[in-house]
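What follows is calculated from the coordinates using simple rules that are stated; it is not laboratory data. This one's a predicted model, so the numbers in the text were calculated from it and none came from an experiment. As a convention, Cβ positions derive from the backbone with ideal geometry for all residues, glycine included, and neighbour counts pool all protein chains shown.
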Amino acid sequence: MPKDIATEKTHIRCKVIIEVLGKPKEHVENSIRLYVDKIKEDSDLILLSSKFADAEEKDGLWSTFVELEMVVKGITKLIAFCFDYMPSSVQVLKPESYMLERATIEDFANDLQARLHHVDMIIKKQKNENDFLRKNMNTSVKNSILIALSFGKFEFKTLSKATGIHDNELKLFLDSLLKDDKIKEDNGIYSLNIKYKNAEEQA
């Protein structure tokens, strides 16, 4: 086998960049250093150098990155590293080419599918939880508006202060309640729809 041809078990020297985005600034800076500390603890990853960038603010969020040069013990571990740490870029320095057996490629493909299915499951679970929370929040906000209006009629600004809901968000909820025929609006004055009020009293 030529010297520049490597197998799946050959150590790989590479440069990677890992980015972190969030807030506040201190959390972002601490998070990226925790990432690097965790990498140092992995026996299959040999960290050679790390260069941290200063955190910068953009659109209310802070971002920073670290450039790492390291040696990874095999291409299988490199792929696992990419899934675990989600680097924004990977540059392989050595070796320049590989010789992989068919069984190894099949293992890579199956592992990739398993990881993608796991990620998909987490995303779907998170989406269901978010949908549930969003639905409950919307119901709670609408109920607070209806409770406020059960005490009488309110102008928009007064209703905003009474419920603690900002103008833009309040307008969306009021439009939804108007569409559901639970409230009515007359020259900027909001009140409970008499049909809805009677139904609630009878319930």
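Here are a few things to note about the model shown:
- Stretched out straight at 0.36 nm per residue, the stretch from K58 to H166 would grow longer than its current Cα-Cα span by 36.4 nm.
- Simple label model, 7 Å out from Cα along Cβ direction - K73 to L116, nm: 2.9 nm
- Cut-off of 10 Å, at most 12 other beta carbons, DSSP loop: longest stretch of the chain lacking such GluC sites (Glu not before Pro): 102-203
- P(r) tail for the stretch 4-96: Cα pairs beyond 20 Å make up 37% of the total.
- Per-selection Kirkwood Rh - the chain (Cα, Å, 1 d.p.): 22.3 Å
- Nitroxide proxy distance, nm - points 7 Å out along Cα→Cβ at T104 and F151: 7.3 nm
- Taking the chain as a Gaussian network of alpha-carbon nodes connected by springs under 10 Å, the highest mean-square fluctuation of the residues I105, I18, I183 belongs to I183.
- Additional length obtainable on full extension of the chain from K125 to K25, 0.36 nm per residue less Cα span: 33.1 nm
- Of all DSSP-defined beta bridges confined to the stretch 5-115, some 95% are antiparallel rather than parallel.
- Rounded to whole Hz, the Karplus (6.51, -1.76, 1.60) HN-Hα couplings of the stretch 129-134, x for glycine and proline: 5, 5, 4, 5, 5, 5
- Among K15, K161, K94: highest mean-square fluctuation, GNM of the chain, C-alpha pairs under 10 Å: K161
- For R33 and T10, the FRET efficiency from 1/(1 + (r/R0)^6), where r spans their Cβ atoms and R0 equals 25 Å, is about 0.25.
- In degrees, nearest ten, helix 75-85 long axis to first principal axis of the chain (Cα): 20 degrees
- For W62, residues with placed amide H under 5 Å, excluding near neighbours: G22, K23
- Förster radius 30 Å - calculated FRET efficiency between M137 and M86, Cβ distance, rounded to 0.05: 0.55
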